[in-house]
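Remarks on the structure that follows.
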Amino acid sequence: MALLVLCGWWSTPAAASLAPALSASSSARSGNRVAQADLEAALIAAKEQYRQLHSFAQAGPPELEQYDPRLTWLGPDADAAPTGHQVGVSNGGDNANQTVTLAAVSPAGTCWFLVDVAGSDSETLSGNSGIRSAGVWYGHENDAASVCNAPDNGPPMASFLSRGWSRRRF
């Protein structure tokens, strides 16, 4: 049956009725993967800049464009759109400049976040975001396309995310 479905042949009306749902689900996963890949690319750019400066103080749109010009970099609190490989970036909420927050939205409306806390002196670790150790943190908020941004006041609180913050990749 699976071979017939993949080739576009429908042997039963029930199998044919599943096609739109499978297609929409596949499209949503594909869109999520694009947003996640954009965040991973943005993280590489931010980490490269951090390696040079030992700080995320300059982690902003004009500075990060030189590391990855393929992305459209947005400043803090600027809402990302699900088109054009847009990534929001903010180093806010941390006077020690050891944290960067990245955000991208998928066509399905899921807002994906990636936060890198580079140093143990980051104020992010003593805040109420739910991030308690240095490293890379992953999170998402379902159906949040209208408000998907990298907040200027630091990473979103875990309670606002669909499953909180996680150290595991997307």
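The values are calculated or read from the model by the stated rules, or taken from the named source; none is laboratory data. None of these values were measured; they are calculated from a predicted model. No Cβ is skipped: glycine too gets one built from the backbone with ideal geometry, and neighbour counts run over all protein chains shown. Protein only, heavy atoms only, side chains kept; ligands, DNA and RNA dropped before computing areas. Shrake-Rupley method; radii C 1.70, N 1.55, O 1.52, S 1.80 Å.
For Ile44 and Ser126, FRET efficiency with R0 = 22 Å and r from the beta-carbon atoms, rounded to 0.05?
So, using R0 = 22 Å, E works out to roughly 0.20.
Note the full-extension length gain between Arg33 and Asn95 as 0.36 nm times their separation in residues minus their Cα-Cα distance, in nm to one decimal.
19.1 nm
With just the Cα atoms defining each centre, how far is the stretch 124-170 from the stretch 57-81? Give it in Å.
Answer, in whole Å: 18.
Give the peptides 153-165, 107-119 in descending order of average Cβ contacts within 10 Å, highest first.
So the order, starting with the most tightly packed, is 107-119, 153-165.
Ranked highest first by the average count of other Cβ atoms within 10 Å around their residues, in what order do 84-97, 125-138 fall?
84-97, 125-138
What order do you get for 52-58, 99-105, 31-37 when each peptide is scored by the mean count of other beta carbon atoms within 10 Å, highest first?
Result, highest mean Cβ count within 10 Å first: 99-105, 31-37, 52-58.
Provide the net charge surrounding Asn149, with neighbours chosen by a C-beta distance below 12 Å and charges set as Lys +1, Arg +1, Asp -1, Glu -1.
Neighbourhood net charge equals -4.
Viscosity 1.567 mPa s, temperature 4 °C: give me the Stokes-Einstein translational D for the stretch 32-170 in µm²/s, with Rh taken as the Kirkwood radius over C-alpha pairs.
Here the translational diffusion coefficient equals 91 µm²/s.
Leaving out ligands and nucleic acids, and using a 1.4 Å probe, what accessible area per residue does the stretch 90-146 come to in Å²?
I get 34 Å² per residue for this part.
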